[in-house]
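As structure tokens, the structure follows; a few thoughts come after it.
Coordinate-derived values only; no laboratory data. Worth saying up front: this structure is predicted, and the values here are computed from it rather than measured. We place every Cβ from the backbone using ideal geometry, glycine too, and count neighbours over all the protein chains shown.
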Amino acid sequence: MKIINIEFWPVHMKLSEPYTIAYETFDSASNVFLKLTTNTGITGFGCGAPAPEVTGETDKDVLENAQQIVAPLLKNADPSRISYLIEKLKRKLKGYPATLAMVDSALWDIMAKSAGLPLYKLLGGYRTRMLTSITIGIMSVNETVEHAVDFVKQGFKVIKIKGGSDVDEDIERLIKTREAIGESIEIRFDANQGYSVWESIHFVKGTKNVKVELLEQPTPCDELDKMAKVTSKATIPIMADESLQSLRDVFNIARRNQADMINIKIMKVGGIYEAMHINSVARSAGIEAMVGCMDESALGIAAGLAFALSRPNVIYADLDGHLDLIEDPAQGAVILKNGWLYPSEVPGIGISL
């Protein structure tokens, strides 16, 4: 089997509801889609969801990389040699993880279709569904509570609240949210690098009765000594997100006890192939993992879900980045029911465009 045709195109999608995090407000997302056609008639699809502040690349970078690097390397290549192709591309696409993730997903899609299996089963099939959190951006206390109550009514069982710009207001938002939604719903909090060490500990103490499930990336990503101090003092688990970009990062986080958990985003680390290595290091160190996402098409979410379902150590999911996208061309690649995400049971990644 060999790849005989390579197509890629951008899709710009508006968000049904803009949201704000500690350092930016978002109202749209640009993804790049990839289609690989083989001489056997099997096609593989991938999605790249770049974010300059996280992956360090734009949609224009992904398109340029696809044309100048990906297409020449993949033309006439055997797509079943995933390890070989990804390792070659890693050297040429250093600093462009969303581009690499796009190719990675398309190759896995071909492999799963060739095997006649849904991708999550090809990768291991440890689970058949996962609870996902639903995210609330930075907004007023009353708006936060209203959104949380509405999400619970929709069936979501895990609420993730963004903050990091005002610690005292963040504490109030969580206290009021807990009062409104009761004890049975999990609450997670993401500071998106917005806190100092003191603010992080202040937040933990101030939300003691809220029973926050985890605190994600409280301090700046490039100041891991600060996150390590928070981890050593906090009474709730601390999760590294922006601080985790590579295999070496997870090794250092584990070796220096800088976090209790990690957030593995397929777009951030360069695809499923690399995510499996990162998760293995985390598992060996007793570090639990969550699979997160960017603002990405359901095609990208399907890749993240397939990975999450395949690994025992991945026990959390934050895969809601597709839910607010308008006119997502891959809508239906994953199935949401009462807060649970299910994969499509068709062979491959879950959908053909």
Determine the shape class of the range 196-268: with a ≥ b ≥ c the square roots of the Cα gyration tensor eigenvalues, call it rounded for a/c under 1.5, and otherwise prolate if a/b is greater than b/c, oblate otherwise. prolate
Given a 10 angstrom Cα cut-off, can you work out which residue in ALA240, ALA282, ALA115 is the most mobile in a GNM of the chain? ALA115
Acute angle (nearest 10 degrees) that the helix 197-206 long axis makes with the longest principal axis of the chain, alpha-carbon atoms: 70 degrees
For a quick check: with amide H placed at 1.01 Å from N, whose amide H comes under 5 Å from GLU216's, ignoring anything fewer than 5 positions away on the same chain? PHE189, ASP190, ALA191, MET239
In degrees rounded to 10, the 0-90 angle between helix 272-284 Cα long axis and the longest Cα principal axis of the chain is 50 degrees
Which whole-Hz couplings ³J(HN,Hα) result when phi for each residue of the range 315-330 is put into the Karplus expression 6.51 cos²θ - 1.76 cosθ + 1.60, θ = phi - 60°, listed in order with x for Gly and Pro? 10, 10, 9, 10, 10, 10, x, 9, 5, 9, 7, 8, 6, 6, x, 10
Classify the range 277-335 from the C-alpha gyration tensor, please: rounded if a/c falls under 1.5, else prolate or oblate depending on whether a/b exceeds b/c. prolate
Using a cut-off of 12 Å between beta-carbons, work out the net charge of the residues near ASN313 (Lys and Arg +1, Asp and Glu -1, ASN313 not included). +2
Suppose every K and R has +1 on its Cβ and every D and E has -1 on its Cβ; what is the size of the dipole of the chain about the Cα centre, in Debye to the nearest 20? 1560 debye
In degrees between 0 and 90, to the nearest 10, how far off the longest principal axis of the chain does helix 141-154 point, with axes built from Cα atoms? 50 degrees
Projected area averaged over orientations for the range 122-245, convex hull of C-alpha atoms, nm²: 8.6 nm²
Alpha carbon centre of the range 27-55 versus the range 247-266: separation in Å? 26 Å
Going toward the positive end of the dipole of the chain, with +1 on Lys and Arg Cβ and -1 on Asp and Glu Cβ, which of GLY41, SER105, ILE134 do you reach last? GLY41
Counting helices only, and only those DSSP H runs with n ≥ 4, report the 222 nm mean residue ellipticity of the chain as the sum of -39,500 (n - 2.57) divided by its residues, in deg cm²/dmol to the nearest 500. -11000 deg cm²/dmol
Charge-dipole axis of the range 292-351 as Lys and Arg at +1 and Asp and Glu at -1 on Cβ define it, positive-most pick from MET294, GLY350, ALA330: GLY350
Cβ-based exposure ranking for CYS47, CYS293, in which fewest neighbours within 10 Å come first: CYS293, CYS47
Histogram of C-alpha separations across the range 3-116, 10 Å bin width, %: 14, 45, 27, 12, 2
Can you work out ³J(HN,Hα) from phi for every residue in the range 69-79, in order, using Karplus 6.51 cos²θ - 1.76 cosθ + 1.60 and θ = phi - 60°, giving whole Hz and x for Gly and Pro? 10, 5, 4, x, 6, 8, 4, 6, 7, 7, x
Excluding residues on the same chain fewer than 8 positions from LYS88, give the lysines whose Cα lies under 28 Å from its Cα. LYS2, LYS35, LYS60, LYS75, LYS113, LYS121, LYS265, LYS268
With x for Gly and Pro, the residue-by-residue ³J(HN,Hα) of the range 303-313, computed from phi through the Karplus equation 6.51 cos²θ - 1.76 cosθ + 1.60 at θ = phi - 60° and given in whole Hz, is 5, x, 5, 4, 5, 4, 5, 8, 10, x, 6
Rounded, prolate or oblate: which fits the range 120-343 when a ≥ b ≥ c are the square roots of the eigenvalues of the alpha-carbon gyration tensor, with rounded for a/c under 1.5 and prolate only if a/b beats b/c? oblate
Please list the non-local residues whose amide H lies under 5 Å from the amide H of ASP318, H modeled 1.01 Å from N, same-chain partners needing a gap of 5 or more. SER133, VAL291, GLY292
The answer for TYR19, listing residues at least 5 apart or on another chain whose modeled amide H is closer than 5 Å to its amide H, is PHE26
